[in-house]
1. Specify the residue with the greatest mean-square fluctuation among LYS56, LYS20, LYS42, computed from a Gaussian network of the chain linking alpha-carbon atoms under 10 Å apart.
2. Name the residue, out of THR15, THR59, THR67, whose mean-square fluctuation peaks in a Gaussian network model built on the chain with Cα pairs under 10 Å.
3. If you place +1 on the Cβ of every Lys and Arg and -1 on the Cβ of every Asp and Glu, how big does the dipole about the Cα centre of the chain come out, in debye to the nearest 20?
4. If you fit an axis through the alpha-carbon atoms of helix 23-34 and take the longest principal axis of the Cα set of the chain, what angle between them do you get, 0 to 90°, nearest 10?
5. At 7 Å along Cα-to-Cβ for each site, give me the label-to-label distance between GLU83 and LYS55 in nm.
6. Build a GNM of the chain with springs between Cα atoms under 10 Å: which of ILE23, ILE79, ILE14 gets the top mean-square fluctuation?
7. Which lysines have a Cα less than 27 Å from the Cα of LYS93, not counting those fewer than 8 places away in the same chain?
8. Please label the shape of the chain as rounded, prolate or oblate, based on the square roots a ≥ b ≥ c of the eigenvalues of the alpha-carbon gyration tensor (a/c under 1.5 means rounded; beyond that, a/b larger than b/c means prolate, else oblate).
Amino acid sequence: MEDLGRRFTKKSLITGTNNKKHICETLRLIYDEIHEKEDNEKMVELLIDAMEMVKKMQTRLSYYQKTYNDNTGNKAEDIIGLEGVRARSIMRKKRII
């Protein structure tokens with residue numbers, strides 16, 4: 001039985017969309033590529049694990065930045081903008097979870 005947090009993460013992986021190529025959107029793009037493949041269940045589980053880890057890392061990094069005024073990260077300076085966000089968002093929202 002999937003716990004609520006894991007189900008939320010899976011929904012974020014499968015239906016979420018971002019207009020920048022951060023780590024979360026990169027994981028979603030990987031999911032898009034394997035979505036139609038057969039026997040992708042193990043890969044999806046690993047992507048959910050990775051998404052959970054990324055979200056925890058982002059929370060911790062945000063905490064450091066706010067609490068300690070830590071500006072050692074790149075502050076999204078090298079993040080790539082993505083095209084076709086609306087089309088991807090519509091395609092992902094049509095998926096049945």
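Please treat every number below as a calculation from the coordinates, not as lab data. Computed from a predicted structure; not experimentally measured. Please note: Cβ atoms are built from the backbone with ideal geometry, for glycine as well, and neighbour counts cover all protein chains shown.
1. Answer for the Gaussian network model of the chain: LYS42.
2. Greatest mean-square fluctuation among the candidates belongs to THR67.
3. In debye, rounded to 20, the chain gives about 500.
4. Taking the Cα atoms of the chain, the angle to 23-34 is about 10 degrees.
5. 3.1
6. Looking only at ILE23, ILE79, ILE14, the largest GNM fluctuation is found for ILE79.
7. List returned: LYS10, LYS11, LYS20, LYS21, LYS37, LYS42, LYS55, LYS56.
8. oblate
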